[in-house]
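What follows is a single structure, written as structure tokens, with notes after it.
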Amino acid sequence: MTEQPLISLKGVFRHYPSGDDYTTVLKHIDLTIHRGEMVAIIGASGSGKSTLMNILGCLDRPSEGQYLISGRETSELEPDELAELRREHFGFIFQRYHLLAELDAVGNVEIPAIYAGQNREKRRSKAQAILQRLGMGDRTHHRPSQLSGGQQQRVSIARALINDADVILADEPTGALDSRSGEEVLDILGELNREGRTIIIVTHDRNVAARAGRIIEIRDGEIIADTATDVASQADASGGALTRKQGKAGLFSGLRDRFGEAFAMALRSMNAHRMRTFLTMLGIIIGTASVICVVALGEGSRQHILDQISDLGTNTLEIYPGHGFGDLKAAQITTLTVDDARELGKLPYIMAATPTASTASTVRVGDKEVGAQVRGVGQQYFLTRNSKLTEGRFFDQSSVDSLAQDAVIDTNARKTLFPNVSGSVIGKIFLLPKMPVRVIGVIKSEERGMGSDQSLSVFLPYTTVQTRMTGSQTLESIILRVRDNTDPAQAEKMVTAFLKQRHGEPDFFIFNTDSFHKTVEATTQALAILIASIAGISLFVGGIGVMNIMLVAVSERINEIGVRMAVGARQSDILQQFLIEAVLVCLLGGLVGVLIAGGFGLLFSEFNTSFHLIYSPMSIVIAIACSSLIGIGFGFFPARNASKLDPVVALARD
Ligand code: ADP
Ligand code: MG
């Protein structure tokens, strides 16, 4: 016989490691199968039939010996070349069908054609036609769970046929079926053989084996009988060459199609495993949203604090009697005087100086009476505060000297006292308890400290306040503005020395707005670091969630990976699908996280008007990037490892 056999095994062994040693499951198998044969491999359970079958189908490799397909040595083939053999030339039928649960009958049948790069319409109609022929025409859109065992086995036969396999390998195809469905499946296989296909059936059942033209009996990994040696082989005259496959799409459109299909498969599988997809996303959503919100909250409150203190002015010194705010004896100290203020104002590094004497009082306009802070100040006060006039003018030295009843009011006071005056309020009169006062100017309200920005302020010459209201010469404070070219800390030292000398003892204290600023800024820096750490922790927790689900998801799907490889998926096909899934899940999760963070910002501004969330684009990018990298990393690497497994190992993981 000169003709080259389709399949030929020479001295094949298969060992499995067991402990330090190994067990030999196949022992020196020599076997030749020709095109067009129908072969049954029979033997008791555990005799090595499936092992042999997996080697024949290139799902597994021999440990020793040669396996030639159409004269080609398979041990020299790359994993993708083996995948091509499985895809184009072999068709598998498993005892347990190995259909993908999330796909309907047509979807399952067309998988090998997708990996072969056949175009959509063609493979669809072909899948329909084959299912029709196998009596499944009315079940094409049923999922495996909606089909009986016999029907599922027909779907798996259709899947084996979609790429016009030369060889059909059936491992106990009737093992899980009732006898009638089993008969039907065997009838189909017989018919396929009559059409010229090579069929190899593994079975432990003599009645099944009797359907085949040739029976090979195997016991303990050895062939003990082969009817082909008794009877002449009924090999087909067409020889042992594999059929050429035509009608494949071009390389580029093939790749594009495969990517499109991988994308569609990823979407389908995400949809089929909604819970798992959702849980994975949840980790990313929580991670992203919390990082963005925490950073935005922190930045918002930091800005709020900085805004509030910026109204204090940057280089002023406020001198108070006593030893600190809240000093009970401060009221008895009367050494802080107008003269001090005047002398301090003469120092070269002081730009402006003013005494202050304040009192709370009622203010009346017509029959309206409100409470206000009446502040007695010198004319330079407005310079120390950098006050902005909105109307009129400030009072001057002569107002101070003449105890003028002229007032500058702030915009809060203007709004409350003269709500109905749309034009100028200059020249309007209001009443303090003991005197009428004329408005000569309006300034913007100061925002001093937290929450006090609603109070009304009325500024009068301090002489007027002392004489006509408090009746005391004691000052509340002296406010100095340091020249811009002088370091406020230095100025504070010099002022302290100067006053100590005048008073003979340190019976005053100085509030330096500049060092206050620095302290607050340092505090908000610490706040920012705290916030960043909290954000980091959120991201870490979200990442662990994503990692866990991804690891579970991939190990749960190793069987699916095995099925896909068995029907001819390349390693790259598997990776592509998992990568697309991971990227989609992460991007969608990140997007939802950003939206939730934005929604939280809106909700927050509804209930809190004093400050807003300030979103940092950097935090958004980092949050999405980190959780996506985690998701993709933990989705991709286990999938890559799985795609490198022998299909038979992946398939065995149920
Ligand atoms: P059959 O299909 O004839 O029932 P198998 O080929 O499945 O038998 O198994 C033959 C022998 O090989 C059995 O004893 C089984 O325990 C052993 N075997 C199969 N697969 C493995 C494996 N992955 N590792 C170790 N032993 C295995
Ligand atoms: Mg078996």
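Checking each residue in the stretch 510-538 for being among the polar types (S, T, N, Q) and open to solvent by less than 50 Å² (accessible area, probe 1.4 Å) picks out 512, 513, 524, 538. Only one of the numbered conditions (1) within 16 Å of ligand 1 (Cβ to nearest atom); (2) open to solvent by 20 Å² or more (accessible area, probe 1.4 Å); (3) in contact with a strand residue (DSSP E or B) (Cβ under 6 Å, 6 or more places away or on another chain) is violated by residue 201, and that is (2). Contact annotation: residue pairs with Cβ atoms under 7 Å, 6 or more positions apart or on different chains, pairing a residue in the stretch 36-54 that is under 19 Å from residue 8 (Cβ atoms) and assigned by TED's automatic domain parsing to the domain that holds residue 242 with a partner that is assigned to a strand (DSSP E or B) and within 6 Å of ligand 1 (Cβ to nearest atom), are 48/25; 51/25. Scanning the stretch 108-122 for residues that are surrounded by 22 or more Cβ atoms within 10 Å (Cβ to Cβ) and in a helix (DSSP H, G or I) turns up 108, 109, 110, 111, 112, 113, 114, 115. In the stretch 173-198, the residue that is farthest from residue 50 (Cα to Cα) out of those that are within 16 Å of ligand 2 (Cβ to nearest atom) and surrounded by fewer than 20 Cβ atoms within 10 Å (Cβ to Cβ) is 176.
Here the stretch 351-395 is the region considered, the condition is being charged (D, E, K, R) and part of a strand (DSSP E or B), and the residue that is most open to solvent (accessible area, probe 1.4 Å) is 369. For residue 16, state whether it is within 16 Å of ligand 2 (Cβ to nearest atom) and of a type in the set (Phe, Trp, Tyr). Here the answer is yes, as residue 16 does meet what is asked. Looking across 83, 101, one residue alone is under 48 Å from the mean Cα position of the chain (by Cα), over 25 Å from residue 196 (Cα atoms) and more than 16 Å from ligand 1 (Cβ to nearest atom). It is 101. Kindly establish whether residue 627 is among the polar types (S, T, N, Q), in a helix (DSSP H, G or I) and touching a residue at least 24 places away in the same chain (Cβ under 8 Å). Spelling it out, residue 627 is indeed among the polar types (S, T, N, Q), in a helix (DSSP H, G or I) and touching a residue at least 24 places away in the same chain (Cβ under 8 Å). Only residues that are away from ligand 1 (no atom under 15 Å from the Cβ), out of contact with any Asp or Glu (no Cβ under 9 Å at 6 or more places or on another chain) and open to solvent by 30 Å² or more (accessible area, probe 1.4 Å) were counted across the stretch 6-58, and they come to 2.
The single residue among 445, 424 that is hydroxyl-bearing (Ser, Thr, Tyr), touching a strand residue (DSSP E or B) at 6+ places or on another chain (Cβ under 7 Å) and open to solvent by 40 Å² or more (accessible area, probe 1.4 Å) turns out to be 424. Residues in the stretch 199-217 that are more than 16 Å from ligand 2 (Cβ to nearest atom) and in contact with a Leu (Cβ under 7 Å, 6 or more places away or on another chain): 199, 211.
Screening 554, 546, 541 for residues that are under 30 Å from residue 162 (Cβ atoms) and either surrounded by fewer than 17 Cβ atoms within 10 Å (Cβ to Cβ) or touching a residue at least 12 places away in the same chain (Cβ under 8 Å) (or both) leaves exactly one candidate, 554.
In the set (1) over 21 Å from residue 110 (Cα atoms); (2) within 16 Å of ligand 2 (Cβ to nearest atom); (3) in a strand (DSSP E or B), residue 224 fails one condition alone, (2). Exactly one residue out of 439, 465, 458 is in contact (Cβ under 8 Å) with a residue 60 or more places away in the chain, part of a strand (DSSP E or B), buried (at least 21 other Cβ atoms within 10 Å of the Cβ) and touching a Lys or Arg at 6+ places or on another chain (Cβ under 8 Å): that is 458. Evaluate the following for residue 289: is it in contact (Cβ under 8 Å) with a residue 60 or more places away in the chain and either closer than 25 Å to residue 468 by Cβ or open to solvent by less than 60 Å² (accessible area, probe 1.4 Å) (or both)? It is true that residue 289 is in contact (Cβ under 8 Å) with a residue 60 or more places away in the chain and either closer than 25 Å to residue 468 by Cβ or open to solvent by less than 60 Å² (accessible area, probe 1.4 Å) (or both). The sole residue among 605, 533, 555 that is in contact with a helix residue (DSSP H, G or I) (Cβ under 9 Å, 6 or more places away or on another chain) and assigned by TED's automatic domain parsing to the domain that holds residue 300 is 555. Filtering the stretch 632-645 for residues that are farther than 20 Å from residue 293 by Cβ, assigned to a loop (DSSP other than H, G, I, E, B) and either hydroxyl-bearing (Ser, Thr, Tyr) or in the same structural domain as residue 531 (by TED's automatic domain parsing) (or both) leaves a non-empty set.
The values are calculated or read from the model by the stated rules, or taken from the named source; none is laboratory data. What you see is a predicted model; the values in this text were computed from it and never measured. Counting neighbours? That spans all protein chains shown, and the Cβs are built from the backbone with ideal geometry, glycine included. Surface accessibility is based on the protein's heavy atoms, side chains included, excluding ligands, DNA and RNA. Shrake-Rupley method; radii C 1.70, N 1.55, O 1.52, S 1.80 Å.
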